[in-house]
Amino acid sequence: MDAMKKGPKILIAIIVLVVFVTGIVGIKNQFIISKDQLAANITKATQNEDGDLFLKQFDKDSQNLGFAKIGAQSVVEQWHNHASVPTAEVGKRITDGHTIAGPSVKYKFYVESKKVFGLFDSYYLAAKPTSVHFMTTDDTAKMRINITNGGKHIKATAQDFRNGLFPGKYSFHVDSPTEDGRNQSGDFYVAVAGSENRFDMVLYFIDSDSEGE
């Protein structure tokens with residue numbers, strides 16, 4: 001009789017254990033990113049030129065940096081088109097702490113981790129903003145700036161650039177009124193690698209096709 005009573009209890013214990021283990025595995029897969037998975041996500045974003053997927057690999061503070069979606073898109077496009085290594089290796093190189101040679105700028109990102117449920121390490125990327133200061137004799141507060149990456153026309157101000165940009169290449173058009181009432185304009189770009197250092201950029205208004213860096 002004792003053996004018959006123990007049988008159902010053992011079965012219930014096994015079922016509870018299976019449910020618990022299954023639940024842990026499910027939670028782990030949903031909320032925890034291994035370093036290998038992070039590398040795979042970066043590689044997939046690069047191969048598909050998917051800036052949104054790339055940006056999802058970052059912490060919230062990085063995602064909220066100035067014009068992060070534009071910067072992230074520009075990075076994966078440059079890695080896709082100009083990386084000196086096969087795109088299949090990009091994610092692994094980033095998670096190993098390296099930069100990617102090939103583009104004009106070696107973008108620097110940082111691999112960090114956090115504990116989930118106090119047990120598991122979950123990995124993500126972090127970016128450092130770069131403050132861009134326009135060096136010009138004109139009143140920067142009066143400048144009208146349109147970021148033009150990918151044919152977009154997103155309004156920005158000189159102060160937006162000073163607040164710090166997500167690493168990437170930013171193309172933009174500037175209209176700037178002069179003291180004599182004339183308007184000067186130009187097309188420019190700046191590529192920021194990702195550091196907390198200030199980047200001083202000189203704007204030369206020569207003609208509509210001028211570029212500055």
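Bear in mind these aren't lab numbers, they're just calculated from the coordinates by the rules spelled out. Being a predicted model, the structure only gives us computed values, none of them experimental.
The range 42-88 and the range 182-199 have Cα centres lying 20 Å from one another.
By the equivalent-ellipsoid construction on the alpha carbon gyration tensor, the range 132-203 comes out with semi-axes of 21, 15, 9 Å, ordered largest to smallest. For the cross-link pairs Lys108/Lys169; Lys69/Lys152; Lys35/Lys56; Lys60/Lys92; Lys35/Lys92, the ones whose C-alpha atoms lie over 18 Å apart are Lys60/Lys92. Out of all Cα-Cα pairs in the range 33-80, roughly what percent, to the nearest whole number, are more than 15 Å apart? Roughly 38 percent, rounded to a whole number.
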